[in-house]
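What follows draws every value from the coordinates through simple rules; no lab data is involved. Here the structure is a predicted model, which means the values were calculated and not measured. Ideal geometry is used to build each Cβ from the backbone, glycine not excepted, and the neighbour counts take in all protein chains shown.
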């Protein structure tokens, strides 16, 4: 564009001194300019091993590591992103209480600066031009959903309703404008090109006006948001409101009609929200990587999820449920992606400046004109370097989500879930008790992409505070070599003593052992944060909710013996080993 207005033959020498000074300043910073451009748009990487661990269902260590790296600096560009990641992991671990603070902070940031005139969420920008990640619109909708799940798991249905309603914001749809985008509407590149053409034809600002006003504000098609809003309304005794939301979900996704009818009919007391598969990966695409796209990691299929309640008294018939959302489809639709890439790419002059500057430098016989051309080359390189779109995203989102209403009639029940034609996805979720009469309870379940693991069969190995049944080895605490990870209480101690163990202990003695080991017994002990469980080498005794993936992984497989850290526990283990009846498998630390 600049080259068309100022061809090489008309470059004025008067501009050369400024260009020379600028160019000399820039020359020493050329490498820095490129680095700044690349660093400004580079993806925020996870620590090594985090993504493989999450894919295998090992959420505890990942959650603890994310908790440690959280920053309180609200101007940090990853302030929101790391909280989004941690919330995803904490839900999968079945620990909504440990996610309370991070969920509240995430909710506040999602709502920062409010909504624009059409209620589509804006991105957040703080000082120095550093963009604070809030995610694409579909990531924001999922963020509100996960906050709603966290509140519902805590029984806070009013807050769950508010969060799920927040996921139902309007979207920007360019489908009906003059662009011909085909069945799926125009692409981001088509919109950016049209905006750039308007800038050229009508002057700067015309393209931005088109981006801001050339769309229709349309009602969301986020069926999952309507389903969860309906469930929350039902839990709050708002049946008419619930019915409206269930019907809207079925209208948007006809495959959900049977689910909507079942939800409308009531008769259930437990809702499982089940995520399956790994969500798509955000990548750079288009000219100079100025656009982003989401590349699927798992195929989209019409497979349903089967769910079967297994109670002490028998097995109920299995039911099948269609997926409520598919992130592969959502992430590939322009209206579910923000327009920041479009706005930035529209203004990308890098290629034009580079070509124009090269022409000036090569064709002109005027040394100063050549400096002008060289300056234009550097300006073009700078714009190109900084044009690369931001590829940060929440790597822990699922590929699809199911809503499963069931009735838990007996304490100690389990629910088996499995995706059609994928036997490795089968998971038996133990330790589900019925809620109080008239109450609806919710559990979030994450089926790991790497399935087929032994613990997914749901066979209880450790006694805990969520399961009342007997467990072999529950007559001694895990830290002393047994298989009990219940919090110390008089009832628990009496059980140990009835089995012939710890007869000379008082409850204070037992509690002091945990204190000496610096083991937290409650979320309050953890200052409201997320910590790794002692079964996996951590220092927390907080038990996940029964009927969740984290609970199943922790309690349904054998873990390595606890490694004592304090002299008090080492001495206690020594005394137990000296008693002939106690053959415990403990390896004290040196």
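Quote the FRET efficiency, to the nearest 0.05, computed for residue 320 versus residue 578 with a Förster distance R0 of 60 Å and r equal to the Cβ-Cβ distance. About 0.55, to the nearest 0.05.
Multiplying the residue separation of residue 247 and residue 261 by 0.36 nm and removing their Cα-Cα distance gives an extension gain of 4.2 nm. Cα centroids of the stretch 187-220 and the stretch 470-509: how far apart, whole angstrom? With the stretch 187-220 and the stretch 470-509 each reduced to a Cα centre, they are spaced 68 Å. Ordering 420, 212 by the number of other Cβ atoms within 10 Å of each residue's own Cβ, fewest first, gives 420, 212. With a Förster radius of 41 Å applied to the beta-carbon distance between residue 450 and residue 200, the computed FRET efficiency rounds to 0.20. If R0 equals 45 Å, the separation of the Cβ atoms of residue 504 and residue 283 corresponds to a calculated FRET efficiency of about 0.10.
Post the alpha-carbon centroid distance, the stretch 73-89 to the stretch 526-575, in whole angstrom. So the separation of the two Cα centres works out to 26 Å. Length available on full extension from residue 409 to residue 421: 0.36 nm per residue minus the Cα-Cα distance, which gives 1.5 nm.
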